[in-house]
Amino acid sequence: MKFLSVFILIPAFLSCNAQEDSKKMESSPSSEQSNKSLVVDSVVSPLNLTASEFRDGFDPKNAILLDVRTPQETGVSFIEGASFINLYDENFVSKINSMDKSKAVYVYCKGGGRSSKAADLLVQNGFSKVYNLKGGIISWENNNYQTVQGNGAIESVEKKWSLDEFSEFVVNNKLVLVQYKTAWCAPCKRMEPVMDSISSSHPKVAVEKVDFDANKELIQDQTVKSVPTTVIYSNGKEVWRQIGFIDYKELEAKLLSWKK
């Protein structure tokens, strides 16, 4: 009788474990499901969004709004806060590589075709979160969403610096503030009044804006890879730099810490 009771208990024990294992298998995602979830959570290909999804998803603090139309088109109207890089620009890839890759990019064109190609290029060049406006700015306007009236085609006639000229400028001024920027970069435009205010309120500081596109040799020499990049030089040497927008108070505080 004792042997019989043991014999009966063993199958019962195995059956219980089998049921638990079965439940664990049912509750645990398969490797295929897990991988699929990872792909969804970290965008590895551009996502097409409707105008409402595009508008509601865009956060100007953590994302870049990119208009890839021609200067003639952006000169008519554009979505507020946009940066401009023409897809047909032969330097399109080098320009997008100057943007902050840690941020999401919301890209649009007129009807969605060019921006779809641009979105693919963004992903290929290391941007992990890329969102394309399906139907382009036409869809945006059809939803009665606001646009900004342009002021004609964007043109940039910027000073070109030689390496010797720039070195002399930095050495001959005790404290130098330089912003590396472009005409198509929205954060650069936001920095314009900040730089102008610094120049007005601190006349002893040599303030200069250097165009990223017009000064390739200097940009390479100064290892500037993103715009806007703001740099302070003191007594001929770089002492501080920051990538991205910086407000007046913070920038002034940085300058004063080096103003001796």
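Some notes on this structure:
- Subset of the range 72-107 that is β-branched (Val, Ile, Thr) and surrounded by fewer than 19 Cβ atoms within 10 Å (Cβ to Cβ) - its residue that is nearest to Trp140 (Cα to Cα): Val76
- Residues located in the range 233-243, provided they are of a type outside the set (Phe, Trp, Tyr), touching a helix residue (DSSP H, G or I) at 6+ places or on another chain (Cβ under 9 Å) and closer than 24 Å to Lys103 by Cβ: Gln242
- Residue within the range 108-124 that is at pLDDT below 95, within 18 Å of the chain's Cα centre (by Cα), surrounded by fewer than 16 Cβ atoms within 10 Å (Cβ to Cβ) and not acidic (Asp, Glu) present: no
- Asp120 meets all of the listed conditions (1) under 18 Å from Ala183 (Cα atoms); (2) out of contact with any Phe, Trp or Tyr (no Cβ under 6 Å at 6 or more places or on another chain) but one, namely (1).
The values are calculated or read from the model by the stated rules, or taken from the named source; none is laboratory data. Keep in mind that what you see is a predicted model, and the values were worked out from it rather than measured. In this analysis, Cβ positions are derived from the backbone assuming ideal geometry, glycine residues included, and neighbour counts consider all displayed protein chains.
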